[in-house]
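The values are calculated or read from the model by the stated rules, or taken from the named source; none is laboratory data. These figures come from a predicted structure and were not determined experimentally. Here Cβ is always computed from backbone atoms with ideal geometry, including for glycine, and neighbour counts include all displayed protein chains. Just the protein is used for accessible areas: all its heavy atoms, side chains included, with ligands, DNA and RNA removed. Shrake-Rupley method; radii C 1.70, N 1.55, O 1.52, S 1.80 Å.
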Amino acid sequence: MQPIIKPSSELRKNYNSVAEICRANKVPVFLTRNGEGDMVLMDIESFGRREENLATAERLIAAEMARLMGTQGYTVDQFKTNMKQAIKRGANKDV
């Protein structure tokens, strides 16, 4: 899909029209000022998804960096045991 580019004056003239483009297409609208890129406008749902994806990528990068630096990890069996213990502890807590 081609990026949607609008002059920032369009936002001042008709906010609802630009906002509807964001909501309907689930893509950001790039705003320009004097022919140069200025801002990006996106609907809140798309922004939330983007933030979640970035947070996941950051965690994956941190885990990979730790692996490359030789940080001790867990085997699959150790992970399963730890998860079962955590679940058991959680189930035994008084709510």
Report every pair of residues separated by at least 6 positions or lying on different chains whose Cβ atoms are under 9 Å apart, first residue within the stretch 32-45 and under 10 Å from SER8 (Cα atoms), second acidic (Asp, Glu).
THR32/ASP38
So for the stretch 34-43 (the condition being assigned to a helix (DSSP H, G or I) and open to solvent by less than 100 Å² (accessible area, probe 1.4 Å)), does at least one residue qualify?
no
